[in-house]
Amino acid sequence: MPGHPPKIRNMKLPSGRTRTFALATIIALIAIGFWYFRHPAPKSPARAGRFTTKIPVTVATASRGMVRDSFAVVGTSRAWRDVDILAETSGIVRSVSSEVGQRKPAGAVLLRVDDEVAASALRKATLNRELARRDFDRFRNLQQEGAVAVSSYEAMRLKLADAEADLVAARRRYGDTAVKAPFDGTVTSRLVEVGNLVQPGMKVANMVDLSRVKIIVSVPEKQVSLLSEGMPVQVTTDVWPGKVFTATATAISAKSSKEHTYQVEAVMENPKGTPFRSGMFARAAFVGREPRESLLVPRQALVGSLGTPELFVVRQEVARRVRVVAGAEQGGSLEILQGLSEGDQVVVSGQNELSDGSQVTVVRQAGAGTR
């Protein structure tokens, strides 16, 4: 009838089993899609190769050349002699005759301590020695004539020896009141003034002898075996640019420091026109006597540091990272002791873009390892 909705006949709602099946099907499809999303199908080698980019590099050939063992280290210069001067007596400083920076000859008086008591003791010891000498001479003559016993003569001889010993001690105590320069040198410090009280063992001044200088350097254990006493050392310093001085290695420590370095000492005459001062930085270059043949590559081929040296070697357009044992550096070349063969192609430019196994293309062949 008009105005009434049509009647729905024979319409059945889905059963519970049907709904469960449909829901399971949807979940399964979602799971399969998610698995394929996480595990895409591998590309075929032919297809993948089309997108591989070869990294351009420059290589050099490892070749043999002559090497002379040499290396340079930075150290400091020290005075040939550097001495703290100590007081050997007690008393008040009465006079000072030295200033910082003054050159003093050996034996020159630097300062004087009150010597009144010491001078009096010296005069007394001198008189006692003279009296003992007279008594000894008289008893010796009497003993030769048989007028005195041998024991009396011996007593006088011992008395004279005792007086002479007292005189030596008194003379030394008097001499100690004058503090003197122990060698020709320069006063670097004076720690007392007139009126100060000094005691035995008290530091009163410092002097250095710069007629010669020591160059003190610390050499790594890897290079110390190349050194020997008596070998020449080339010394340079930024204080005198362009000047090269010659020293001689005089001492090589037999014990290393905590950093596994060994102290080496070289000595040279201090040049008058370009003098070294104690404490100046100096660069010491040690040069071996005989050259030898070894495998060389350019220094820029090194990846990392000399502590853990590595190189990239190109083999069939593939870069391989190789651990090597490095030796001496000479100019722009690096000696390779192990890990490389003559003729190997090493990467000298483009290493920063490489990893082990990277495909490369050689765009330029650099010079060989020799220089």
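A convex hull fitted to the Cα coordinates of the range 51-178 yields 391 cubic angstrom per residue.
Computed over the Cα atoms of the range 312-371, the ratio of the radius of gyration to the Kirkwood radius (Rg/Rh) comes to 0.95.
Report, in listed order, any pair from Lys243/Lys272; Lys180/Lys203; Lys124/Lys159; Lys104/Lys180; Lys104/Lys243 with a Cα-Cα distance greater than 19 Å. Table pairs above 19 Å Cα-Cα are Lys104/Lys243.
How much of the accessible area of the range 270-352, in percent, comes from carbon and sulfur atoms when a 1.4 Å probe is used?
Summing carbon and sulfur atoms, their accessible area is 46 percent of the total for the range 270-352.
Once whole DSSP H runs in the chain are found, which of them have Cα atoms spread over 15 Å or more along the helix axis and a mean Kyte-Doolittle score of at least 0.0? Mind dumping the intermediate values first?
On the way: long enough: 16-38 (33 Å, 0.98); 116-145 (45 Å, -1.00); 150-175 (38 Å, -0.31).
Passing helices, by number: 16-38.
Mean-square fluctuations from a GNM of the chain, with a 10 angstrom spring cutoff on Cα atoms, peak among Ser151, Ser305, Ser211 at Ser151.
Sorted by accessible area (1.4 Å probe), largest first, how do Leu191, Leu142 line up?
Working: Leu191 95, Leu142 55 Å².
Result of the area sort, largest leading: Leu191, Leu142.
Per 0.36 nm of contour for each residue apart, how much would the distance between Ile252 and Leu197 grow if the chain were fully extended, relative to their Cα-Cα spacing? Walk me through the intermediate numbers first.
Details: separation 55, 0.36 × 55 = 19.80 nm, distance 4.29 nm.
Answer, rounded to one decimal: 15.5 nm.
Its residue count N fixes a reference of 2.2 N^0.38 Å for the range 192-260, and the Cα radius of gyration divided by that reference is 1.74.
Applying the criteria of a DSSP loop state and at most 12 other Cβ atoms within 10 Å to the trypsin sites (Lys or Arg not before Pro) of the range 257-333 yields Lys258, Lys272, Arg289.
Using a probe of 1.4 Å, the accessible surface attributed to Ile27 totals some 100 Å² when neighbouring protein chains are kept in position.
With protein chains left intact and a 1.4 Å probe, residues in the chain average 63 Å² of accessible area per residue.
In order along the range 313-328, phi translates into HN-Hα couplings of 10, 8, 9, 6, 6, 10, 8, 10, 7, 10, 7, 10, 10, 8, x, 7 Hz, rounded to whole numbers, per the Karplus curve 6.51 cos²θ - 1.76 cosθ + 1.60 with θ = phi - 60° and x for Gly and Pro. Between Arg68, Arg123, Arg103, the residue with the greatest mean-square fluctuation in the GNM of the chain (Cα pairs under 10 Å linked by springs) is Arg123.
Test of understanding: given the chain, find the longest segment containing no GluC sites (Glu not before Pro) that are in a DSSP loop and have at most 12 other Cβ atoms within 10 Å.
Working: sites that count: Glu99, Glu193, Glu229, Glu259, Glu317, Glu342.
That would be 1-98.
How much length is gained if the chain between Ile30 and Glu269 is pulled fully straight, taking 0.36 nm per residue apart and subtracting their Cα-Cα distance, in nm to one decimal? If you can, show how the numbers build up before the last one.
Details: separation 239, 0.36 × 239 = 86.04 nm, distance 8.97 nm.
Residue separation times 0.36 nm, minus the Cα-Cα distance, leaves 77.1 nm.
For the chain, the Kirkwood radius over C-alpha pairs fed into Stokes-Einstein at 4 °C and 1.567 mPa s yields D = 42 µm² per second. Sorted from longest to shortest, the spans of the Cα atoms of the range 240-329 along the three principal axes equal 62, 33, 26 Å. A dipole drawn for the chain from +1 and -1 charges on Cβ atoms has a positive end, and of Leu295, Met231, Ala147 the residue lying farthest that way is Leu295.
The values are calculated or read from the model by the stated rules, or taken from the named source; none is laboratory data. As the structure is a prediction and not an experimental result, all values here were calculated from the model. Cβ atoms come from the backbone with ideal geometry, glycine included; neighbour counts cover every protein chain shown. When the accessible area is computed, the model is the full protein with side chains, heavy atoms only, and any ligands, DNA or RNA have been set aside. Shrake-Rupley method; radii C 1.70, N 1.55, O 1.52, S 1.80 Å.
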